[in-house]
Amino acid sequence: MRWSYSASRSFRQCQRQWYFKNVAANARAKDPFRKRAYLLGKLQSISAWRGKIVDDVISKTITPNLNRGVCVTLTDATNRARVLFDRQLAYARQHPLTDLGLQVSKAGDDFAIFHAMEYEGELPKHEIERAWCEVETALINLFSLEDISLILKSSGYIVSQRALQFTLMDNVTVLAYPDAIAFRNDAPPAIIDWKVHAFGTNDAWLQLAIYAIALSRCRPHRDFPSGFETQPQESVLYEVQLLTNVVRKHSLEEEQIVEAEEYMLSSAYEIACLTEGRKYADLNVEDFRGAAYEETCQRCAFRAICWEKSHVY
């Protein structure tokens, strides 16, 4: 079983949501129900989409250029964001979700499908306009953050959205994807988590602590510094709220590391006890508890298949 911070949050919100996303969904399955679950799992809210636009500009445009020593201006970043925004919006308005033969990889960077199109049949114009304004705001704030810019520009190498894996316990592998890891020649690594939240009130220390633990325990990738080793408390952790222009710097004490480890173990154990190592064919959605709150259902990508009384495609 693969465990991640996002999967643990999904499981605690609604076990059925976790089941559809992590067990039922399969892009290659011949079973149309499993393929439909996979495609539904790609639905995103408009706010999540605009956050992903910002993430993609940082990880696929800004970071690679910084690694090459090439300066990227705010205008460059905004122009790239606008291209992604317009192309993904055009693709999403086609709403190809009913095509079970859809191959996400063929759409490439154009791919985007929205929860609002699936369940409401339209994309509210004012929400789209606000999404673009917030993309612009996030990028403007990013370029105004001198301390973060200095960390990125002074780093020997930056990796973005890199999978970090390590074994947590028997048959459980932790999978973590930090937004950015900046390897610095004469300083500890910096782990950065970009947040594009309207309020930015949540403290992401636990998520960042899990990233720091993963970085210390994973098998280093080929492009990590030669002989790279670190301890969780050595990493410098930054939670960057790009809409509110707030940076929270976190450092880990021993008790916080223990708390993060206990969270991973308890969550993984809870999931493992329910699934008992069984695969899709041996599990039944009825074995999984539904959401406690109606709001969770309203936001859920899998509402269509969860609420159906029969699966006929």
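We did not get these values from a lab; they are worked out from the coordinates using the rules stated. This one's a predicted model, so the numbers in the text were calculated from it and none came from an experiment. No Cβ is skipped: glycine too gets one built from the backbone with ideal geometry, and neighbour counts run over all protein chains shown.
The table that follows gives values for the structure above.
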item: Peptide ranges 52-64, 21-33 listed from the most packed, as the mean C-beta count within 10 angstrom indicates; result: 52-64, 21-33
item: With 10 Å bins from 0: P(r) over the range 62-115, alpha-carbon pairs, percent; result: 21, 38, 26, 14, 1
item: Dipole of the range 37-159 [Lys/Arg +1, Asp/Glu -1 at C-beta], most positive-end residue of Leu142, Thr73, Tyr157; result: Tyr157
item: The range 19-80 - convex hull of the alpha-carbon atoms, volume per residue in Å³; result: 116 Å³
item: Packing-based order for 271-280, 189-198, 208-217, using average beta carbon neighbours within 10 Å, highest first; result: 208-217, 189-198, 271-280
item: Radius 9 Å from Cβ of Phe166, net charge of other residues (Lys, Arg +1; Asp, Glu -1); result: +2
item: The range 157-313 - Debye-derived log10 I(q)/I(0), Cα point model, q = 0.16, 0.17 Å⁻¹; result: -1.05, -1.11
item: Cα centre as origin, Lys/Arg/Asp/Glu Cβ charges: the chain dipole, Debye; result: 1200 debye
item: Restraint check, Lys42/Lys153; Lys106/Lys249; Lys42/Lys195, Cα-Cα greater than 28 Å; result: Lys42/Lys153; Lys106/Lys249
item: Full-stretch length increase - Tyr157, Phe228 - with 0.36 nm per residue and alpha-carbon distance subtracted; result: 24.3 nm
item: In sequence order, calculated HN-Hα J values of the range 282-293 (Karplus, 6.51, -1.76, 1.60; Hz; x Gly/Pro); result: 9, 10, 10, 4, 5, 6, 10, 6, x, 5, 7, 10
item: Percent antiparallel among DSSP beta bridges (both partners in the chain, rounded to 5); result: 65 percent
item: Radius 14 Å from Cβ of Tyr269, net charge of other residues (Lys, Arg +1; Asp, Glu -1); result: -4
item: 5 angstrom amide H check on Val246, placed H, neighbours 5+ away; result: Gln241
item: For the chain, with +1 on Lys and Arg beta carbons and -1 on Asp and Glu, the positive-most of Tyr269, Gln256, Val236 along the dipole; result: Tyr269
